[in-house]
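Structure first, then comments.
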Amino acid sequence: MTANAPTPANLPQPPLPTQPPSQSSPVDIVLTHATCDFDSLAAAVGLARLRGPHCRVVIPAGVHSAVRRYLSLHKSFFPIADSKLVDPHVLRWVAVVDTRSRKRLGTASEWLKHADEVLVLDHHAPPSESDIRDEDVGGSLEYVIDDVGAASTLVVERLMKRPDIHLSRAEATLLALAIHTDTGSLSFENTTPRDAAALAWLLAQRACQRSISQFARNYLTTQQQRLLSHALDSMEVKVVNGLSVASIVLETPAFVKGMAAVAQSALELADIDALVLASVSPSGRRKAQPKPQENSTKQVSIIGRARSRVDGVDFSTLFQPYGGGGHAKAASASLKMSDVSQVTALVEDLVGRIFDQLPPPVLARDFMSTNIVSVTPMQTMGEASAVLFESGHTGLAVVRSQDNGDLVGVISRQDIALSEKRKLLHTPVKGWLARKVISVSPITPLHEIESKLVDNNIGRLPVIDEGKVVGIITRSDVLIQRHLCSPFA
Ligand SMILES: [Mn+2]
């Protein structure tokens, strides 16, 4: 795809300019959403390919910065028409991709009422108030919504059924980029086997891996890198119930674009669960005030980000009183404030309210198993082996006596296996038990239980209340609580 690279004769040529852009207004168009991302652009390009060579892609309201960089080099490979060339009165077929909201089409939402047919193709989000409805559309309205990681996956699945259509390398690469960016290279929780199959097919269509590694990553400008380093230096992290939330206040001499990318990078690099980042710049015309006065009004952008693993955080609700919006785990707001100390106080307040949003921590007593299998110190290892085998457990609590449940130690499956190997199954349990027992209490929270298992590299923890064993927690129990892959869930 580089300009000077020779094009081997056996490669399929890009589809354009198979057809010179017609002088008249396009009649069939695919609209991307506002601040067009890779998924919206790629789904639009793929859908236009399915519709036919006359169909054009229209980007109605701005593009994401990464997409802008990409398009500045690759624009000519795709049938993109300027939105100013569109005469809405002649539109026949309009498709909307990667959104179902009128609000995300800018002024192009007004065009829908002129079209004979409207197709909405999207992959996420539950229905909302701003969904395109029959009333918004002059002709027929069809919805295609499916639960996959990228809208482009739905388009690729249609392309896969059309052997008559040969994707260009640029098209295959763009569609692959879309699946990579929307699914975090198949790692986000929303990823489905269908996304992976679509991506595999695009690789078979010769999607360019070098382009993907160049553009799929959200790389930072020099200024963003500097701010990121400030952010990492100045962040204050508060930990409650094992959840870490950082607050960051950055002052910049002028308004800085792309702080969301800085916030996201800080979240990942510092390995925290959530953060609130405020960037503060002097308000008003940037050039007119080269030296901002101390007391001038400040322009404040607040960005909230949380890891997908964090349940319960909702920045969207939290930022609503400040006119902000977004998703539960990624939202922003912009406001004016009179000084930085006010901003710092607001950020601290927001961090406090994140902790208030969280569900109460899960405690040992909430998920411990109370079906305790125990033996006494004077029973033999052979008897212990039989008890263990019958219970299907991997370890046993050793209690003082059948009537006295005080824990005196534990023995593991390995201990029993060892005693068997050494032909010592007739010896009493008390000679084998680990007396230094690592245990938890009924009110130990999940994150501490997990650290104890991991730090001590053990598979089970007795839950002790006033000296007595009241429960057992295993690694599987922890995996289930954390919604991680476990053999039982
Ligand atoms: Mn998408």
Revision key, fill the gap. Sole miss for SER412 among (1) over 22 Å from PRO360 (Cα atoms); (2) open to solvent by less than 30 Å² (accessible area, probe 1.4 Å) is condition (2)
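Here is a list: ILE443, ILE438, ILE473, ILE449. Which entry is in a strand (DSSP E or B) and not assigned by TED's automatic domain parsing to the domain that holds SER308?
Details: ILE443 fails: in a strand (DSSP E or B); ILE438 fails: in a strand (DSSP E or B); ILE449 fails: in a strand (DSSP E or B).
Unique residue meeting the criteria: ILE473.
Got a sec? Which of GLU171, GLU157 is open to solvent by less than 10 Å² (accessible area, probe 1.4 Å), over 18 Å from LYS103 (Cα atoms) and not β-branched (Val, Ile, Thr)?
Result of the check over GLU171, GLU157: GLU171.
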Revision key, fill the gap. Those residues of segment 138-193 that are away from the ligand (no atom under 16 Å from the Cβ), touching a residue at least 60 places away in the same chain (Cβ under 8 Å) and either more than 27 Å from LEU91 (Cβ to Cβ) or not assigned by TED's automatic domain parsing to the domain that holds VAL118 (or both) come to a total of 3
Review point. Could you say whether any residue in segment 123-132 is in contact (Cβ under 8 Å) with a residue 40 or more places away in the chain, assigned to a strand (DSSP E or B) and open to solvent by less than 60 Å² (accessible area, probe 1.4 Å)?
Key: no
Check your understanding: Since GLY312 meets every condition but one in (1) touching a helix residue (DSSP H, G or I) at 6+ places or on another chain (Cβ under 9 Å); (2) at negative phi; (3) open to solvent by 30 Å² or more (accessible area, probe 1.4 Å), which condition does it not meet?
Key -> (2)
Point to revise | Neighbours by Cβ (under 7 Å, 6+ apart or cross-chain): first from segment 267-295, open to solvent by less than 60 Å² (accessible area, probe 1.4 Å) and at pLDDT below 50; second of a type in the set (Phe, Trp, Tyr) and assigned to a loop (DSSP other than H, G, I, E, B) | key: none
Review point. Within segment 296-325, how many residues turn out to be more than 19 Å from ILE272 (Cβ to Cβ) and β-branched (Val, Ile, Thr)?
Key: 3
**Study point:** Close pairs (6 angstrom Cβ cut-off, 6 or more residues apart or separate chains): under 14 Å from ASP122 (Cα atoms) in segment 32-55, acidic (Asp, Glu) and part of a loop (DSSP other than H, G, I, E, B) anywhere
**Key:** HIS33/ASP98; ASP39/ASP98; SER40/ASP98; ALA43/ASP98
Review point. Are any of the residues in segment 92-105 buried (at least 24 other Cβ atoms within 10 Å of the Cβ), part of a strand (DSSP E or B) and more than 16 Å from the ligand (Cβ to nearest atom)?
Key: yes
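The values are calculated or read from the model by the stated rules, or taken from the named source; none is laboratory data. This is a predicted model, so every value here is computed, not measured. So basically every Cβ, Gly included, is an ideal-geometry build from the backbone, and we count neighbours across all protein chains shown. Note: areas computed on protein heavy atoms with side chains; ligands, DNA, RNA excluded. Shrake-Rupley method; radii C 1.70, N 1.55, O 1.52, S 1.80 Å.
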